[in-house]
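The values are calculated or read from the model by the stated rules, or taken from the named source; none is laboratory data. Computed from a predicted structure; not experimentally measured. Counting neighbours? That spans all protein chains shown, and the Cβs are built from the backbone with ideal geometry, glycine included. Just so you know, the surface numbers come from the protein's heavy atoms only, side chains and all, with ligands and any DNA or RNA stripped out. Shrake-Rupley method; radii C 1.70, N 1.55, O 1.52, S 1.80 Å.
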Amino acid sequence: MASLTRVKTKAKTNELRTRFSWKEVKRQKVLLFWSAIIVAYGIVFYYAPLAGWLMAFQDYKPKDGLFGSAFIGLAKFQRLFSDATFLRVIRNTLAMGVINLISTFVMAILFAILLNEIKSKGGKKVVQTISYLPHFLSWIIVTGILHDALSTSGIINELLLKFHILEQPLNFFAHPKYFWPLVAFANVWKETGWNAIIYLAAITAIDPSLYEAASIDGAGRLAKIKYVTLPGIRPTIMITLLMNVGNVLNAGFEIQYLLGNGLVQSVSQTIDIYVLKWGISQGDYAMGTAAGIFKSLVSIVLIVIANQIAKHNGEERLF
Amino acid sequence: MDNVVVRKKKNMSAPNVIFVICNTIFMIAFVVITLYPIINTLAISFNNGTDALRGGVYLWPRVWTLKNYTTVLQKDNLITGGYITVARTVIGTLLSLAANAILAFIVSRKRFLFRKELSLFWVITMYVNGGLIPTFILYKNLGLTNSFYVYVIPGMISAFNMLVIRTFMNGLPDSLEESAQLDGAGYTQIFVKIISPLCKPVYATVALFVAVGQWNSWFDAMLYNRMSSQYTTLQYELMKLLSSVTNQGNSVESMKHAAGTVTPTSVRAAATILTMLPIVCLYPFLQKYFVTGLTLGGVKE
């Protein structure tokens, strides 16, 4: 029995793989030539920086280089974790990552489902086209617009004053408690329509007869959403969730950098900003690298954990 | 017959009507929140700057002027930034598309000897990278800082875009390649004359992704080319304009500064509109491409 399986696998690999021979190499020389160039490029630009991780374990001095600097073990990491700022920065990154993930995720699904319920074809198309627009704008423009709308003379303050919710204009950017919600709102504003594309595609793929059957059973709009649409897009929801979990720590650079200011520093600084501050502005390459390594490792662990959970529950997996 | 009547009645039932009303309100609110800030910026960009400081300019300019735009077009740093941004978008997109297409072509050849290995080599780069500091040092050592090349050389290949093209190429029939080979065509000819023309839609998708990224990026300009003003990009110049405005606010200082008819706020509005203009004009026509691209990218091997 065992040998039979082995024969089968062997036959399968034979079918999939071309066996190595000099004749085959000669035949594919063009492909091999280009892949050699591409691999060389990849080694220089994607893999060589990994060697830079060594810096985090060294008393790195630019003049001595990577090979001349003395190794000092985990001293930089010890310093990193005894730095109260770094611990706060981890908290900020995680908090904003999770808040952004949940809010953009829920809004995209909600928007996709509700857009799908619009019966007028033209209306649907117009709303959808408009919904993509913010995705194509840079964070520079988005934060500029947000600054205008939320400034003390901006439209939001004007409306809040008009409806007597506020007594006097409020500077949203000066209070730490508004910063995380602002970042979440900006993310939702920018990405909802774009993120909804994949769910809309998934909804289109649902078998229409399921909806007809539900109608005959007397299901209303909401019941159909609950029992047909949501289960139908469940695999898509799971796979995008999985892909985004690994990105939780990546959720913070541009917007926090552009919106942050001295007054909200305690909640706005993220790991990436910390790396930038230590590494580039202060010139302590080793500290910056150590913080970057920490971020990469946590991201990989998150992806693996999420993947394992998905596997355990019989959901779609990334790898 | 009876059935149809019953169903029609059900569609008109109270919960459904409420649902339709709520949904319509939600969509209108969504559209207003999305569009208002942009239209407001547009109105301010055409409004007299000092007049705009009084507030009350919402959807339409109150005192028309083109002064904001002429001021922007006279600023040398914005003009230089504009040229650099256009150049990096065009060159960067072409280079990146060519590199990703060649790589995708190679890894989608069924007979290629290192098919799995080469794919894996690039997929790993999606999850692991050296990080900001080692990358910065590398570019510095390669002499890419303070140069235009830093915009177009380093990020040429992206594993995600490669996978999108590969998925598309894998969907093409193998017989195309086989019959071309029988006719004596080499891989170069197969790539240029047979596969690439069929891949136009997916090339358009990837080109769009890359071009938008190039047009909008500013961080690389700040990090690598801060010292050489001849290579800064439009977005970075816009950011400098933004931070100068936020620091001044609508203070008396900026009122005084605006002895003429333009203020930092109104100039920035004009610059913002000019920066987003090409994208806003183009993206509605490219919709079908990015929808295909995202759906292709979601397909895992």
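Which pairs break 28 Å Cα to Cα here: A:Lys26/B:Lys193; B:Lys140/B:Lys240; A:Lys125/B:Lys75; A:Lys124/A:Lys224; B:Lys67/B:Lys240?
Values: A:Lys26/B:Lys193 22 Å; B:Lys140/B:Lys240 24 Å; A:Lys125/B:Lys75 39 Å; A:Lys124/A:Lys224 19 Å; B:Lys67/B:Lys240 20 Å.
Cα-Cα > 28 Å for A:Lys125/B:Lys75; rest within.
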Spelling it out for A:Gln58: with amide H atoms placed in the peptide plane at 1.01 Å from N, the residues 5 or more places away or on another chain with amide H under 5 Å from its amide H are A:Ile72
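Rounded, prolate or oblate: which fits region B:87-235, taking a ≥ b ≥ c as square roots of the Cα gyration tensor eigenvalues, rounded meaning a/c under 1.5, else prolate when a/b beats b/c?
On the way: a/c = 2.69, a/b = 1.99, b/c = 1.35.
In terms of gyration-tensor shape, prolate.
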The rounded separation in angstrom of the Cα centers of region B:117-137 and region B:177-221 is 23
Distance in nm between B:Val20 and A:Asp217 label points, each 7 Å along Cα→Cβ, equals 2.5
Projecting the Cα atoms of B:Val291, B:Phe26, B:Ser196 onto the charge dipole of chain B, where Lys and Arg contribute +1 and Asp and Glu -1 at Cβ, the residue farthest towards the positive end is B:Phe26
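Classify region B:117-190 as rounded, prolate or oblate, taking a ≥ b ≥ c as the square roots of the eigenvalues of its Cα gyration tensor: rounded when a/c is under 1.5, otherwise prolate if a/b is larger than b/c and oblate if not.
Details: a/c = 3.68, a/b = 2.20, b/c = 1.67.
Note, shape of region B:117-190 comes out prolate.
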Partner shielding of A:33-45, taken as the mean number of other chain Cβ atoms within 10 Å, equals 6
Quick calc: nm separation of the 7 Å Cα→Cβ label points for A:His175 and A:Phe67 -> 5.8
Here the FRET efficiency for A:Lys125 versus B:Ser175, based on Cβ atoms and R0 = 41 Å and rounded to 0.05, is 0.65
The simple spin-label model distance between B:Leu182 and B:Lys110, using points 7 Å out along Cα→Cβ, in nm, is 1.4
Among A:Ile140, A:Ile37, A:Ile233, the residue with the largest mean-square fluctuation in a Gaussian network model of chain A built from Cα contacts under 10 Å is A:Ile37
Given Cβ charges of +1 for Lys and Arg and -1 for Asp and Glu, the option among A:Thr236, A:Leu101, A:Leu137 whose Cα lies farthest towards the positive end of the dipole of chain A is A:Thr236
With a Förster distance of 25 angstrom and the Cβ-Cβ distance between B:Gln230 and B:Leu142, calculated FRET efficiency to the nearest 0.05 equals 0.80
Using alpha carbon centers only, region A:265-319 is separated from region A:196-231 by a whole-angstrom value of 38
Percent of all Cα-Cα pairs per 10 Å bin for the protein assembly as shown, counting from 0 up to the last occupied bin, reads 3, 13, 22, 25, 20, 11, 4, 1, 0, 0
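Assuming R0 = 22 Å, what is the FRET efficiency of B:Tyr58 and A:Asn261, from their Cβ-Cβ distance, to the nearest 0.05? Before the final figure, lay out the partial values.
Working: r = 27 Å, r/R0 = 1.22.
E(calc), rounded to 0.05, equals 0.25.
Mind putting a number on the dipole of chain A about its Cα centre? Charges go on the C-beta only, +1 for Lys and Arg and -1 for Asp and Glu, and I need it in Debye to the nearest 20. All intermediate terms of the calculation are to be shown ahead of the outcome.
Details: 31 positive and 18 negative charges, 299 e Å.
With Lys and Arg at +1 and Asp and Glu at -1, about 1440 debye.
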By the C-alpha gyration tensor axes a ≥ b ≥ c (rounded if a/c is under 1.5, else prolate when a/b exceeds b/c, else oblate), the shape of region A:77-312 is oblate
For region A:187-197, Karplus-derived ³J(HN,Hα) couplings (6.51, -1.76, 1.60; θ = phi - 60°; whole Hz; x for glycine and proline) come out as 5, 5, 4, 6, 10, 3, x, 5, 5, 6, 3
The rounded separation in angstrom of the Cα centers of region A:39-91 and region B:22-61 is 47
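How much of the accessible area of the protein assembly as shown, probe 1.4 Å, is carbon plus sulfur, in whole percent?
Details: 20950 of 31220 Å².
Exposed carbon and sulfur together represent 67 percent of the surface.
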Losing no less than 30 Å² of accessible area (probe 1.4 Å) relative to the isolated chain, the residues of region B:41-60 are B:Tyr58
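Per-residue Cβ counts within 10 Å, from other chains only, averaged over B:133-146: what number is that? Spell out each step's value before the answer.
Details: counts 21, 16, 6, 7, 10, 6, 2, 1, 2, 3, 0, 1, 0, 0.
That works out to 5 on average.
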For A:His135 the rounded accessible area (nearest 10 Å², probe 1.4 Å, non-protein molecules ignored) is 40
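For a quick protection proxy, order the peptides B:203-209, B:282-288 by their average other-Cβ count within 10 Å, most packed first. Walk me through the numbers before you get to the answer.
On the way: B:203-209: 21.6, B:282-288: 13.7.
Output ranking for B:203-209, B:282-288: B:203-209, B:282-288.
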Given the candidates B:Leu94, A:Gln28, B:Leu53, the one whose Cα lies deepest towards the positive end of the charge dipole of the protein assembly as shown, counting +1 at each Lys or Arg C-beta and -1 at each Asp or Glu C-beta, is A:Gln28
HN-Hα couplings for region B:191-206 via Karplus (6.51, -1.76, 1.60; θ = phi - 60°), in whole Hz with x for Gly/Pro, come out as 5, 6, 8, 10, 6, 4, x, 6, 8, 3, x, 6, 4, 4, 4, 5
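Dipole size in debye (nearest 20) for the protein assembly as shown around its Cα centre, Lys and Arg Cβ +1, Asp and Glu Cβ -1?
Its charge dipole is roughly 1320 debye.
As a test of the formula, what do you get for chain B when each DSSP H run with n ≥ 4 contributes -39,500 (n - 2.57) and the sum is divided by the residue count, at 222 nm and rounded to the nearest 500 deg cm²/dmol? Kindly include the intermediate steps, with their values, before the conclusion.
On the way: 16 runs with 208 residues, N = 301.
The per-residue figure over chain B is -22000 deg cm²/dmol.
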Between chains B and A, total accessible area buried, probe 1.4 Å, no ligands or nucleic acids, nearest 100 Å², roughly 7900
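Considering every residue in A:205-216, what mean count of other chain Cβ atoms within 10 Å of its Cβ is obtained? Let's see the in-between values first.
Working: counts 1, 0, 0, 0, 0, 0, 0, 1, 0, 0, 3, 3.
Average per residue, whole number: 1.
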The size of the Cβ-based charge dipole (Lys, Arg +1; Asp, Glu -1) of region B:76-229 about the Cα centre, to the nearest 20 debye, is 180
Largest-first ranking of B:Lys200, A:Lys23 by accessible area, probe 1.4 Å, whole protein assembly kept, is A:Lys23, B:Lys200
